[in-house]
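The values are calculated or read from the model by the stated rules, or taken from the named source; none is laboratory data. Owing to the predicted nature of the structure, the values given are computational and were not obtained by experimental measurement. Note that each Cβ is placed from the backbone with ideal geometry, even for glycine, and that neighbours are counted across all protein chains shown. Accessible surface is based on the protein model in full, side chains and every heavy atom, while ligands, DNA and RNA are left aside. Shrake-Rupley method; radii C 1.70, N 1.55, O 1.52, S 1.80 Å.
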Amino acid sequence: MIGKLNHMAIAVPDLEAATATYRDVLGAKVSPAQPEPDHGVTVVFVELPNTKIELLHPLGEGSPIQGFLDKNPSGGIHHVCYEVDDILASRDRLKEQGARVLGDGEPKIGAHGKPVLFLHPKDFNGTLIELEQA
Ligand code: CO
């Protein structure tokens with residue numbers, strides 16, 4: 001059911017420092033910081049030949065990654081995003097198998113303008129999974 005790794009997201013306490021690390025130390029191509037107020041994050045996209053890394057920093061009140069940074073003050077891997085062909089069919093199949101879909105269970109438009117859903121980390125080895133309809 002799942003296809004390519006679309007991206008891996010890393011929550012970072014200092015977006016400028018993290019961007020500089022990826023650009024200058026690791027020699028990667030990085031995007032300008034992009035505010036995503038609907039998602040409560042500012043994102044920098046790191047382009048790799050086979051996937052992307054997203055550096056996430058909280059934006060505004062009640063950012064979904066603030067709690068994660070409170071528990072992991074130096075940052076850490078926040079979620080992985082797998083591509084699926086049909087997000088509704090994938091959701092229904094997962095629910096039938098007892099997996100918990102976060103929120104109201106309806107896909108939302110994610111940072112790339114495509115429908116996304118998140119799956120409960122307790123059902124997937126402690127990893128928050130994002131599904132994106134490719
Ligand atoms: Co993501």
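Laid out as a table, the results:
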| read-out | value |
| --- | --- |
| Top-ranked residue in segment 1-22 [being open to solvent by less than 70 Å² (accessible area, probe 1.4 Å) and of a type in the set (V, I, T); ranked as nearest to A134 (Cα to Cα)] | I10 |
| Scan of segment 23-47 for residues that are surrounded by 14 or more Cβ atoms within 10 Å (Cβ to Cβ) and either in contact with a Cys (Cβ under 6 Å, 6 or more places away or on another chain) or assigned to a loop (DSSP other than H, G, I, E, B) (or both), ordered by number | A28, S31, A33, G40 |
| Residue in segment 110-124 that is nearest to the ligand (Cβ to nearest atom), counting only those that are within 19 Å of L94 (Cα to Cα) and in contact (Cβ under 8 Å) with a residue 24 or more places away in the chain | V116 |
| Output for segment 43-57, where each listed residue is touching a strand residue (DSSP E or B) at 6+ places or on another chain (Cβ under 7 Å), without any contact (Cβ under 8 Å) to a residue 40 or more places away in the chain and away from the ligand (no atom under 13 Å from the Cβ) | E47 |
